[in-house]
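Visitor: One structure, pasted below without further comment.
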Amino acid sequence: MIKEGLVTFEEVRGIDNSLENLYIRLDRQKCLAHGQDVAGKLLIDLQVRRSTADGAGTRDFYTKLTTPLPGWDGEIRDVVLKKKLPRKMMLQPNTFVVNGQVELKEYPLTPAGMIESYIERGLMTLRRSSPALHLKRKCGLLMSVSYRASPPIAIKRSVSSLPRPYQFHMGASWAAKPPDPVPVPLRVNVPFSSDTTVGRWRDETLARWKNLKTGNAGEDFFFVSRMRNNSGVSFGVADGVGGWAESGVDPSLYAQTLMYHAHRYSRTAWAGEPEIDPTQEYKERESVEGWELSPYDCLELAYHGVLRERLVEAGSSTACLISLNSSTGILRAANLGDSGFLIIRSSSVIYVQPPQIHFFNCPYQLAKLPPNEPKSNRHFVDRPSQATRYETKLRDGDIIVAFTDGLSDNVFPADIAAICSLVARSGGPEDRQVQKMADRIVEYAQVCMRGRKTSTPFSRDALRAGLYYPGGKIDE
């Protein structure tokens with residue numbers, strides 16, 4: 001199928017160009033158009049050699065068919081072995097009569113689930129005098145789907161969720177830019193009304209988290225969403241480009257709308273492949289709703305959602321979207337511009353998302369130009385396809401910090417790691433710890449941006465560009 005072009009490989013490489021993951025993509029249109037011919041040719045070749053007892057030809061045919069393609073014995077083989085999953089277990093469900101109704105019970109796809117299925121079917125018993133085996137009922141999240149058969153019997157189906165060993169604790173904090181001491185002429189700040197769809201969602205999002213000193217996030221915004229069936233968490237940040245304010249456009253509208261649509265698409269999608277129970281009937285497996293949504297695809301969808309939004313006439317924004325898979329611990333990210341994220345492991349920063357910039361202080365940005373205004377040199381209109389993609393597997397205790405440039409321009413990554421370590425040492429529930437980390441990081445960023453003599457990432461980058469800008473940069 002690969003040689004015939006029906007299947008292709010999509011590689012995901014890290015910042016060091018090492019192969020992180022590999023996806024097999026089946027071209028549906030080519031499969032419908034040419035799949036029958038490709039499969040038919042293979043079956044005919046097999047049947048001819050079998051019918052004519054062509055031993056030498058069959059051996060040569062089999063060798064060519066099973067020889068790996070060039071490159072498979074290197075990085076690709078290593079990734080496949082690294083991500084190999086345990087073989088699926090086929091378990092027999094049991095039926096019970098409860099209160100006159102037939103209940104169909106299924107079991108977790110684990111050795112314990114298989115033993116439990118045998119015991120409750122009466123095929124296996126546990127002797128109380130035998131200490132060798134102890135069966136403990138495994139607790140987990142259950143999703144129930146009920147339907148009725150023909151009277152008088154009603155059938156109730158209980159479907160166990162897949163194991164989700166990864167739990168994610170979220171915290172969010174922000175601080176709007178301080179007001180300008182001297183008002184800027186023509187600068188516009190007209191937010192969404194609370195009775196609009198985006199305005200209501202914005203207010204609900206801000207109300208979920210503790211504020212520092214301001215009730216709004218200024219020209220930046222963010223979202224946090226649980227994905228379908230608790231398969232993972234999706235979150236992101238966006239930084240509205242403030243230069244639009246001088247053109248009569250509120251920069252916050254674009255960032256808020258972009259995050260709203262990212263939230264809208266993420267909450268109905270799966271963090272990984274849709275979870276299908278192999279023991280179910282074909283029609284039941286086909287009825288599983290939803291689709292896998294990567295941050296890269298989510299960014300594309302959210303961007304077009306902003307283009308369709310009539311209340312956003314113009315604007316632009318950077319964006320960083322991240323998803324975390326509860327079953328596999330896989331982090332996937334898509335970043336465009338100078339927003340980003342970093343990963344802290346064992347009090348050390350192990351990864352920082354590199355920014356994308358056209359030149360100093362001019363990041364890549366998704367944009368929507370005013371109607372009837374052609375693109376010119378003063379506009380930078382970048383595409384979601386230019387976003388940098390990243391994927392890695394998380395470990396227990398990892399900390400992910402997503403940010404806009406108001407943080408990365410004023411605080412060095414090592415200082416962020418130090419703040420997180422100090423908060424972690426204070427103890428307490430993990431949910432409270434991560435919220436405290438977010439608050440302390442923002443508070444420290446506000447101190448750094450007001451300093452005029454301290455060295456900051458922004459002042460360092462300015463020197464590299466041949467400019468002298470001491471201290472921090474005032475921003476959200």
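Visitor: Could you please report the charge total around Asp60, scoring K, R as +1 and D, E as -1 over all other residues with beta-carbon less than 13 angstrom from its beta-carbon?
Guide: On the way: positive: Arg49, Arg59, Lys64; negative: Asp45, Asp54.
Here the charged neighbours net out to +1.
Visitor: Still on this structure, please answer the following. Just the Cα atoms of segment 234-278, one point each, no solvent: what log10 I(q)/I(0) does Debye give at q = 0.26, 0.29, 0.32, 0.34 Å⁻¹?
Guide: Each listed q maps to, in turn, -0.90, -0.99, -1.08, -1.14.
Visitor: Can you tell me the mean projection area, over all orientations, of the convex hull of segment 398-476's alpha carbons? Units nm², please. Before the final figure, lay out each step's value.
Guide: Details: hull surface 21.7 nm².
One quarter of the hull surface, i.e. the mean projection, equals 5.4 nm².
Visitor: Binned at 10 Å from 0, what are the whole-percent values of the Cα-Cα distance distribution for segment 197-464, short to long?
Guide: Spelled out bin by bin, segment 197-464 gives 6, 28, 35, 22, 7, 2, 0 percent.
Visitor: Going by average Cβ density within 10 Å per residue, which order do the peptides 41-49, 435-443, 238-246 take, highest to lowest? Mind dumping the intermediate values first?
Guide: Values: 41-49: 12.7, 435-443: 19.7, 238-246: 21.8.
In descending order of packing, they fall as 238-246, 435-443, 41-49.
Visitor: Moving on to the next point. Percentage of Cα-Cα pair distances in segment 342-431 greater than 19 Å, rounded to whole percent? Can you show the working numbers first?
Guide: On the way: 2233 of 4005 pairs.
In whole percent, the long-distance tail amounts to 56.
Visitor: Further question: Using the number of other C-beta atoms within 10 angstrom as an exposure proxy, rank Thr392, Thr63, Thr404, Thr197 with the fewest first.
Guide: Details: Thr392 18, Thr63 9, Thr404 29, Thr197 13.
Sorted ascending by nearby Cβ count, the order is Thr63, Thr197, Thr392, Thr404.
Visitor: State to the nearest 20 debye the size of the charge dipole of segment 197-464 about its Cα centre, where the only charges are +1 on K and R beta carbons and -1 on D and E beta carbons. Walk me through the numbers on the way to the answer.
Guide: On the way: 31 positive and 33 negative charges, 151 e Å.
About 720 debye.
Visitor: Another one. Ranked by Cβ crowding within 10 angstrom, fewest neighbours first, how are Tyr260, Tyr296 ordered? Show your work: numbers first, answer last.
Guide: Values: Tyr260 24, Tyr296 21.
Fewest to most other Cβ atoms nearby, the residues stand as Tyr296, Tyr260.
Visitor: Can you give the direction-averaged projected area of the convex hull of the alpha-carbon atoms in segment 25-78, in nm²? Working shown, then result.
Guide: Numbers: hull surface 20.3 nm².
If I average the Cα hull's projected area over directions, I get 5.1 nm².
Visitor: Ranked highest first by average number of other Cβ atoms within 10 Å, how do 313-322, 351-360 line up?
Guide: On the way: 313-322: 26.1, 351-360: 15.3.
Sorting 313-322, 351-360 by mean packing, highest first, produces 313-322, 351-360.
Visitor: Could you give the spread of the C-alpha atoms of segment 1-108 along their three principal axes, from largest to smallest, in whole angstroms?
Guide: Principal axes ranked by extent give 64, 52, 30 Å for the Cα atoms.
Visitor: What does the highest-first list of 411-417, 298-304 look like by mean Cβ count within 10 Å? Spell out each step's value before the answer.
Guide: On the way: 411-417: 18.0, 298-304: 21.4.
Most protected by this proxy first, the peptides run 298-304, 411-417.
Values quoted throughout were computed directly from the atomic coordinates according to the rules given, and no laboratory measurement underlies them. Being a predicted model, the structure only gives us computed values, none of them experimental. Cβ sites come from the backbone with ideal geometry, for glycine too, and all protein chains shown count toward neighbours.
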